[in-house]
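The structure appears right after this line, and notes come after that.
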Amino acid sequence: SASNKQPWRVVKHGNTFHFYLLETPGYNKISKSINLQRIDMGIAMSHFEITCVENNLKGGWQVKQPDIANKQAQYLVSWAPK
């Protein structure tokens, strides 16, 4: 990650992986025009997808918020098998 904050959280539910962002309060004040923690999230998603491709796992991204309670982190996206 950009500053070793590692703001992503991944919850596996069945064969679907749900990605959450756990933002650090005040962190994005460093650069008002760039959200570094969302960039970190994109990097984590890219690494996840590359790993899936390398392991011949067929699937893709979808935005379908699961019924998983999480008051601390913000749901962003899920990766589901095809």
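The values are calculated or read from the model by the stated rules, or taken from the named source; none is laboratory data. These numbers come from a predicted model, not from an experiment. In this analysis, Cβ positions are derived from the backbone assuming ideal geometry, glycine residues included, and neighbour counts consider all displayed protein chains. What goes into the accessible areas is simple: the full protein's heavy atoms, side chains included, and nothing from ligands, DNA or RNA. Shrake-Rupley method; radii C 1.70, N 1.55, O 1.52, S 1.80 Å.
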The pairs in Lys12/Lys71; Lys5/Lys64; Lys5/Lys58 lying past 24 Å Cα-Cα in this model are Lys5/Lys64; Lys5/Lys58
Could you look at the chain and say what percent of its accessible area is carbon and sulfur, using a 1.4 Å probe and all protein chains?
52
Return the single residue from Leu21, Leu36, Leu57 with maximal mean-square fluctuation; model: Gaussian network over the chain, springs between Cα atoms under 10 Å.
Leu57
For the chain, with +1 on Lys and Arg beta carbons and -1 on Asp and Glu, the positive-most of His13, Ile34, Gly60 along the dipole
Ile34
Scoring the chain by relative contact order with C-alpha pairs under 8 Å, at least six apart, yields a percentage of 37
What ³J(HN,Hα) values, in whole Hz, does the Karplus curve 6.51 cos²θ - 1.76 cosθ + 1.60 give for segment 9-14 when θ = phi - 60°, with x put for Gly and Pro?
9, 10, 10, 8, 10, x
Prolate/oblate/rounded call for segment 40-82, Cα gyration tensor, a/c under 1.5 rounded:
oblate
Rolling a 1.4 Å sphere over the protein heavy atoms, what is the accessible area per residue of the chain, to the nearest Å²?
70
Reported label for calculated Cα Rg over 2.2 N^0.38 Å given [x] 1.69; [y] 1.15; [z] 1.75
[y]
Treat every Asp and Glu Cβ in the chain as -1 and every Lys and Arg Cβ as +1, leave all other atoms uncharged, and give the resulting dipole magnitude about the Cα centre to the nearest 20 debye.
180
